[in-house]
1. Please compute the modelled spin-label separation between ARG337 and SER32, points set 7 Å along Cα→Cβ, answer in nm with one decimal.
2. Ordered by packing density, taken as the mean number of other Cβ atoms within 10 Å over each peptide's residues, highest first, how do 233-240, 72-79 rank?
3. May I ask for log10 I(q)/I(0) of the range 1-52 at q = 0.31 Å⁻¹, from a Debye sum over the Cα atoms as equal point scatterers with solvent left out?
4. Amide H neighbours of LEU175 under 5 Å, counting only residues 5+ apart in sequence or on other chains, H built in-plane at 1.01 Å?
5. Estimate the FRET efficiency between SER127 and CYS225 by the formula 1/(1 + (r/R0)^6), using the beta-carbon distance for r and 45 Å for R0, to the nearest 0.05.
6. Could you give the length gained on full extension between GLN238 and GLU317, defined as 0.36 nm per residue of separation minus the Cα-Cα distance, in nm?
7. On a 0 to 90 degree scale, rounded to 10, what angle separates helix 357-367 from the longest Cα axis of the chain?
8. Among the listed pairs LYS56/LYS116; LYS56/LYS185; LYS56/LYS105, which are separated by more than 25 Å between their Cα atoms?
Amino acid sequence: MTPFDFRPRTRVVFGAGEFSRLGEIARELGGSRCLVVADPGIVEAGHAQEAIRSLKARRMEVVAFHNFTVNPTAAMIEAGRDRAAPHNIDLIVSIGGGSSMDCAKGINFLVSNGGKIRDYLGYGKASRPMLPMIAIPTTAGTGSEAQSFCIVSDTASGARMACGDPKASFRVAILDPKLTMSQSKELTAATGYDALSHSVETLVTTRHNALSECFSRSAWRLINCAYERVLRNPSDLQARGGMLLGAHFGGLAVENSMLGAAHACASPLQARYRLPHGVAVALMLPHVVRWNQLVAGARYHELYSGDLEQRLRDLAEMAALPLTLREAGVPEEALPRLADEASAQWTGRFNPRPLDAAGALELYRAAL
């Protein structure tokens with residue numbers, strides 16, 4: 001068996017209505033001056049204001065930061081640092097999807113350790129302790145609340161930078177499925193497919209181990225069932241709970257075994273064509289499963305006894321996601337450049353079949 005070193009760092013509070021406990025939990029962590037990180041959509045949905053009320057009810061000082069977008073840039077992270085700096089914050093609360101959580105982690109790097117976000121590219125670069133953080137995901141997708149990495153876009157090039165450190169883990173994750181009810185159908189579809197992809201990719205990476213397999217399989221079991229139910233009935237709270245918990249298990253699987261070629265090929269599509277992350281992954285994952293069959297077919301079959309590639313296509317179609325690169329607006333002449341960029345992505349290093357530019361080009365052509 002592959003060795004592993006598992007150190008649970010995040011307390012998980014799961015259940016409908018558990019969001020109301022935010023102020024109580026923040027006080028348990030010793031917080032008194034809190035930065036709330038939430039994107040404008042979360043403000044519009046009312047979740048940020050509810051969080052601020054809960055924190056203030058426990059006599060906490062609160063400052064909010066909302067000036068960032070999907071795929072936050074280094075400049076946005078620095079703006080968050082500048083917003084927090086005068087207030088001597090001692091706790092960060094992140095509400096939203098993966099972008100809110102990435103932004104919170106990035107701000108924490110700079111507030112607690114200084115410098116620029118690029119200084120933390122890679123893993124383990126934070127030399128000083130980091131502030132405690134609470135994650136409240138409102139999407140069932142990235143599972144970022146279970147991971148010690150943040151993904152930040154380079155301000156100039158749009159290239160995605162992965163910055164990680166054990167100290168960047170959230171102390172607490174509040175998983176309240178009621179909060180995911182405010183998602184649009186399109187966001188539910190894209191983020192849900194991303195969560196599904198984590199269960200598939202993590203099971204077969206070169207770093208998978210007995211522990212990560214437990215999370216991969218649990219994530220697949222929950223999401224494979226709940227995703228279809230949520231797409232058909234967005235008000236199904238039980239299915240929403242299954243998606244949210246499945247996404248968390250998928251995040252734990254990523255944290256303990258990394259990802260593969262589908263995410264490596266998705267990153268350039270996001271950077272070049274501004275495709276939502278889940279959409280980019282959905283375009284590539286069925287083709288990656290077929291491409292990996294020679295070396296990982298038996299493991300895929302253990303996960304799903306039928307035709308996994310076809311199941312993934314069916315779910316993408318059910319979710320009304322684009323099924324080809326052409327449909328998503330990607331021209332054929334762009335494929336060689338995309339392949340070069342995909343082969344340089346860190347996630348591709350863990351694919352069970354080695355990914356180079358030729359392999360990435362083969363995958364893009366299959367997806368065209």
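1. 5.4 nm
2. Numbers: 233-240: 15.8, 72-79: 20.6.
Ranked from most to least packed, the peptides come out as 72-79, 233-240.
3. One equal scatterer on each Cα of the range 1-52 leads to -1.24.
4. Those lying under 5 Å, H to H, from LEU175 are VAL13, PHE14, GLY15.
5. Values: r = 44 Å, r/R0 = 0.98.
The computed FRET efficiency comes out at 0.55.
6. Stretched out fully, the GLN238 to GLU317 stretch lengthens by 26.2 nm.
7. The two axes meet at around 80 degrees.
8. In this structure, LYS56/LYS116; LYS56/LYS185 lie more than 25 Å apart at Cα.
Throughout, read-outs are computed from the coordinates displayed, never taken from laboratory work. Note that this is a predicted model, so its numbers are computed, not measured. Glycine also receives a Cβ, built like all others from the backbone with ideal geometry; neighbour counts cover every protein chain displayed.
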